[in-house]
Amino acid sequence: METIAIASDHAGRELKEDIKEFLRDRGMEVVDLGTDEERSVDYPDYGFPVAEKVSKGEVKRGILICGTGIGMSIVANKFRNVRAALANDVYSARMAKEHNDANIIVIGGRMVAKGLAREIVNTWLECEFKGGRHQRRLDKIKEIEKRMCEGTVKKEGG
Ligand code: RB5
């Protein structure tokens, strides 16, 4: 059984609860990394643990929700090995998997109704990465990521 990590800020909390139910009904194990609170919280604090788990390979995939999905996308894409895609529509969700092999899907809790959000998640889970020219492009991203990380290490070292 696949375990998937999920988190949101206050603006995505209600949608998170619905998506959790959807994922569990689909037979997935869900790790909820917050927020459980209605009060205003900061999305980086909740995007960070999901992106870290995906980055380290502790889970294969993750879902992040904030108001628009923009903030969570920015946070998640700071992490090595993370390809987070903002998908507030079904076409983006399909492309996110088929072309970008996104391992985190990000949804705007203030942009998308529950039914559509379920469709978005389902599409992303069901579609297959197409490989070929898309793999070549992902390899280039990996190369950029590697160069950026090496640059950071060098700067710190000297
Ligand atoms: C919170 O008001 C909002 O800024 C946040 O949920 C998100 O949309 C940021 O990108």
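The values are calculated or read from the model by the stated rules, or taken from the named source; none is laboratory data. Since this is a predicted model, take the numbers as computed values, not measurements. Neighbour counts run over all protein chains shown; Cβ positions are idealised from the backbone, glycine included. Note: areas computed on protein heavy atoms with side chains; ligands, DNA, RNA excluded. Shrake-Rupley method; radii C 1.70, N 1.55, O 1.52, S 1.80 Å.
Here are some notes:
- Separation of region 113-129 and region 3-18, taken as the distance between their Cα centroids, equals 15 angstrom.
- Enclosed volume per residue, in Å³, of the convex hull spanned by Cα atoms of region 27-158: 118
- For the chain, carbon and sulfur atoms together expose 49% of the accessible surface, with a 1.4 angstrom probe and every protein chain in place.
- Links that overshoot a 27 Å alpha carbon limit, given the list Lys114/Lys142; Lys78/Lys130; Lys53/Lys114: Lys114/Lys142
- Qualifying GluC sites (Glu not before Pro) in region 94-136, DSSP loop, other Cβ atoms within 10 Å at most 11: Glu128
- The residues neighbouring Arg26, those whose beta-carbon lies less than 12 Å from its own, together hold a net charge of -2 under the Lys/Arg +1, Asp/Glu -1 convention.
- Under 13 Å, Cβ to Cβ, from Ala85 - net charge with Lys/Arg +1 and Asp/Glu -1: +1
- Entry comment: accessible area of the chain is 54 Å² per residue, from protein heavy atoms only and a probe of 1.4 Å.
- Quarter of Cα convex hull surface for region 57-97, i.e. mean projection, nm²: 3.0
- In the chain, the calculated helix contribution to ellipticity at 222 nm averages -16000 deg cm²/dmol per residue, counting -39,500 (n - 2.57) for every DSSP H run with n ≥ 4.
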